[in-house]
Amino acid sequence: MLPTKTVKELADYLGGVVQGDETLAVNGLAPLENAAPDKITFLANPKYAAKVAETGAGAVLMAPGGERYGRTAIEVANPYLGFAKLLTLFYTQPHPPLGVLPGANLAASARLGEDITIYPGACIGNNVSVGNRTVIHSGAVIYEGAVIGDDCVIHANAVIRERCRIGKRCIIQPGAVIGSDGFGYAPDGASYYRIPQIGIVVLEDDVEIGANCCIDRAALEVTLIRRGTKLDNLVQIAHNCQIGEDCMIVSQVGISGSSKIGNHVTLAGQVGVAGHLSIGDNVMVGAQSGVPGSLAANAGYSGTPAMPHKEWLRAMAVVPRLPELKKTVNALEKRIAELESRLK
Amino acid sequence: MLPTKTVKELADYLGGVVQGDETLAVNGLAPLENAAPDKITFLANPKYAAKVAETGAGAVLMAPGGERYGRTAIEVANPYLGFAKLLTLFYTQPHPPLGVLPGANLAASARLGEDITIYPGACIGNNVSVGNRTVIHSGAVIYEGAVIGDDCVIHANAVIRERCRIGKRCIIQPGAVIGSDGFGYAPDGASYYRIPQIGIVVLEDDVEIGANCCIDRAALEVTLIRRGTKLDNLVQIAHNCQIGEDCMIVSQVGISGSSKIGNHVTLAGQVGVAGHLSIGDNVMVGAQSGVPGSLAANAGYSGTPAMPHKEWLRAMAVVPRLPELKKTVNALEKRIAELESRLK
Amino acid sequence: MLPTKTVKELADYLGGVVQGDETLAVNGLAPLENAAPDKITFLANPKYAAKVAETGAGAVLMAPGGERYGRTAIEVANPYLGFAKLLTLFYTQPHPPLGVLPGANLAASARLGEDITIYPGACIGNNVSVGNRTVIHSGAVIYEGAVIGDDCVIHANAVIRERCRIGKRCIIQPGAVIGSDGFGYAPDGASYYRIPQIGIVVLEDDVEIGANCCIDRAALEVTLIRRGTKLDNLVQIAHNCQIGEDCMIVSQVGISGSSKIGNHVTLAGQVGVAGHLSIGDNVMVGAQSGVPGSLAANAGYSGTPAMPHKEWLRAMAVVPRLPELKKTVNALEKRIAELESRLK
């Protein structure tokens, strides 16, 4: 059963303003095209504004001042954010604390917070610390001495290696590996000598790590991911990297060792970043780009090697016409030779 | 011990025609160059037709009408398919049903079909349904309410999240994650607000998922992979995608959110596909290509950004000669200036 | 507590020569800038040679003949290698043998060497063989008949499939999959018929496999990774590949089926290699390159499609100037037409 809420209650929850009947009650969200009268819908993209006239929904979440075609509306500055918050309100609920379930493997020296849940098959090593209300799913393995903050969710078969530290409200999707050994070897002439990777990984608060991501522990100190940064699936972060706050690292990105990424940086899917470089704040890098050197802040880049995004767009427009361009140049060469011979 | 079969029996199994001694018995397959008389070999690539004369094999699987150099042959329209079927016949056998083995973690409310096997360390959550003859290997984790069809194999440490649905005869390789949360956040000005991902993943029948793949659950509805589609290892499918029937998605491909892929599409290794686009039926996309927009059906594409494959081949042929082309243009410019000055 | 060693003892351990006070005792390593007198530091990069004058360290590890500013020094031919060896000496210790810990799932027919450790939640199948001093972490799954050599570390949630063979001193990072089914299907006109993958994977001695890597088993015979080769995280090795000795395969590389890689090959991050080709010894391939055909030994390559590295650098320098080049050509064309009209 979904909870039922009045439009007034929802507006209060969102910090919005009601236009119309604030006593109207709804019990869920639905898209504009496909909504019943007991649902609230939302207009996030102005392109669809005309659909407000025809929606079957009881109420509409929208930006202030929009045409509401006589509908009851909740006006909020950011309707997309409001939609996300109502999704949370209607469709999610906190995980009930179940304690340590039978079949979990728990070291005697592990320290558990209050209201935790540890599912069957999870393995918690010596001296691990687990924060309050944190949920650890089946098959997750927490090595000795790792520290996990309050209100985290560690999904199935994720691995957190020894001594790594996870902040509050972090979510680790299934199969992600935090603290694998960095890829460091010293050539000894013939072969490779393994450099011990004695550092750790630190995830600050509100960091989320996608499924099957790999975050390598530092060689000596800390691989750091700062507050609020989100990683999509299958991302690789090499040893000693520092990733800033509120970054979006999209699926299959790889960042080589010791690179520093600023705050609010977006790396689109499959981007590769070389090692020992810096990317400034608010940079956006387009999908599949390869970044061989540092990038200045507050700009967009694309391509391999990466260049300013607009420059890349213009260059790529020429690529399919290269054969034609080459042909033109060859023809011009002949015409010039002809002119030259006539002027001899 | 491999089973022994007569050429007649094999021909009947494959729907082929015997040329030569149909009573001849063989007990396995071997390559043309390295086969004993108790083995059958196969000629799939006409390039190697002459090797039939010299093979030590007792019999040869080949296309109708080929020169068989006096050998006993089974003629089938598709010898490579016949080879695959004989491999199955000689070298594989159904998994014997072992039941729920000690050390498996099974919720009391799980519903198990007949003749299943659940290995030690597998974790089956509340209200999970497992079909007949399905095998779930050690460390696989099936979250609450997931449904797995008949004759599936879920390999070790694979994860199937809550409420996802797996069809019949699906194979999930080790470490694959089905139903991780989609990568969806609403910017709130300063930071990112997590959009609950309340949808699911549906795999239809005969879908195979490679090792350590990630298939994100939909934000609201269904991430769908249709009948017969095969994913290689380390593939990323983002939330809300729909992948058609009988597609081949090669290793390390990434498909962004809400994109629709047609039937019989091949995406070669490391291809990246942007979000909210469509790829038509029977499209082939070359390795490492980046697909920024929709692609029309029945064609091949390559490059980043993707263009028709032949166009890309021609353009790439010019790329290594760009420095030379530039030099030529510079020289032409001088020659023209010279001509112009002479005509002043 | 870190061990305390005299400079003499360290020099003997490294095969180096003491300059200065060989009785001086240190108890760890520290960087040049930030070292106390009870630490030894190291100078690996000549760029920082002047820092030796100011370091607070008690002793310095450096190349023979360098200016030691009156410091006690240990001279070794390869200071970076020496640093790695001292890291090992001071900061690592052999895993103490803990035996089979409660909560491990061990088949009765498994054969275990001496001084092994098998953590809770690890699953060891029938007829598995585990070498002496090998450590198998929680959640690792070893299928029936696999063989693991002496002194290996199999990290949490790694999977080794049936009959695969792992040499001595191999390290498998968390979540890696060894022996998943190769991606092989025979088209039957309408759909795809699965080709049984009945081969195995063999890792020779001193091979290291990164987190969440996937190494597919061969269709018929062996996918082989030779002695000393190291794989970074999220690497894909398809069925039937042969990788030579002492290769460095960086994160997110994908190698397609049946390709052969020589010895001492480096493939940088996100490189893609097509199937059925050869790469010669000592080849280096730059990040994100796509290798469509065989590459001759002892050279560097970059780009998609890959070309000699220097050629690629020169070509890439032109790419951002393509729009300008095209404009120039258009202008030249007009100027030539003008000249031609004047000479008519």
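Quick notes on this structure:
- Here's how it looks for A:C123: its modeled amide H is under 5 Å from those of A:N105, A:G139, A:A140, A:V141, A:I142, which are all 5 or more places away or on a different chain.
- Whether the protein assembly as shown is rounded, prolate or oblate, judged on the alpha carbon gyration tensor where a/c under 1.5 counts as rounded: rounded
- When the trypsin sites (Lys or Arg not before Pro) in segment A:121-165 are filtered for DSSP coil states and for at most 13 other beta-carbon atoms within 10 Å of their beta-carbon, no site remains.
- Stokes-Einstein D in µm²/s, Kirkwood radius over Cα pairs - segment A:141-202 at 25 °C with 0.890 mPa s viscosity: 190 µm²/s
- Taking the Cα atoms of segment C:47-98, the ratio Rg/Rh between the radius of gyration and the Kirkwood radius comes to 1.12.
- With R₀ set to 30 Å, the beta-carbon distance separating C:D205 from C:E67 gives a calculated FRET efficiency near 0.15.
- The lysine pair tally for chain B, using Cα distances under 17 Å and a gap of 8 or more places or different chains, is 10.
- Cα gyration tensor category, rounded, prolate or oblate, for segment C:69-220 with a/c compared to 1.5: oblate
- Equivalent-ellipsoid semi-axes of chain C, from the Cα gyration tensor, Å, largest first: 44, 39, 14
- Taking GluC sites (Glu not before Pro) across segment C:200-302, the ones in a DSSP loop with at most 16 further Cβ atoms lying within 10 angstrom of their Cβ are C:E221.
- Taking the DSSP beta bridges with both ends in the protein assembly as shown, the antiparallel portion is around 15 percent.
- Pairwise label distance in nanometres, C:T266 with A:A49, each label 7 Å out on the Cα-Cβ vector: 5.7 nm
- Under-5 Å amide H pairs with B:T266, H placed in peptide plane, nonlocal only: B:M248, B:V283, B:M284, B:V285
- Gaussian network model of chain C, Cα within-10 Å springs - most flexible of C:P174, C:P323, C:P120: C:P323
- Per residue Cα convex hull volume in Å³ - calculated over segment B:1-102: 115 Å³
- Sparse-neighbour loop sites [chymotrypsin sites (Phe, Trp or Tyr not before Pro); segment B:1-100; at most 14 other C-beta within 10 Å; DSSP]: B:Y69
- Applying the Karplus relation 6.51 cos²θ - 1.76 cosθ + 1.60 with θ = phi - 60° to segment A:184-197 yields 3J(HN,Hα) values of x, 9, 9, x, 10, x, 8, 9, 10, 9, 5, 8, x, 9 Hz, where x marks Gly and Pro.
- Fluctuation leader among C:D115, C:D216, C:D188 - chain C, Gaussian network, Cα springs under 10 angstrom: C:D188
- Other-chain or far-sequence residues with amide H under 5 Å of C:R133's (modelled H): C:E114, C:D115, C:I116, C:D151
- Among A:I198, A:I261, A:I142, residue whose mean-square fluctuation peaks in a GNM of chain A (springs only between Cα atoms under 10 Å): A:I198
- ³J(HN,Hα), Karplus 6.51/-1.76/1.60, whole Hz, each residue of segment A:96-111, x for Gly, Pro: x, x, 10, x, 8, 7, x, x, 6, 10, 10, 5, 4, 7, 5, 10
- Each residue of segment B:238-344 gets 119 Å³ once the volume of the Cα convex hull is shared out per residue.
- Length added when fully stretched, B:E340-B:L101, from 0.36 nm per residue minus Cα-Cα: 77.1 nm
- Antiparallel content of DSSP bridges confined to chain B, in %, to 5: 15 percent
- In sequence order, calculated HN-Hα J values of segment B:16-23 (Karplus, 6.51, -1.76, 1.60; Hz; x Gly/Pro): x, 10, 7, 10, x, 8, 6, 8
We did not get these values from a lab; they are worked out from the coordinates using the rules stated. Just so we're clear, the structure is a prediction, and the values are computed from it rather than from any experiment. Glycine also receives a Cβ, built like all others from the backbone with ideal geometry; neighbour counts cover every protein chain displayed.
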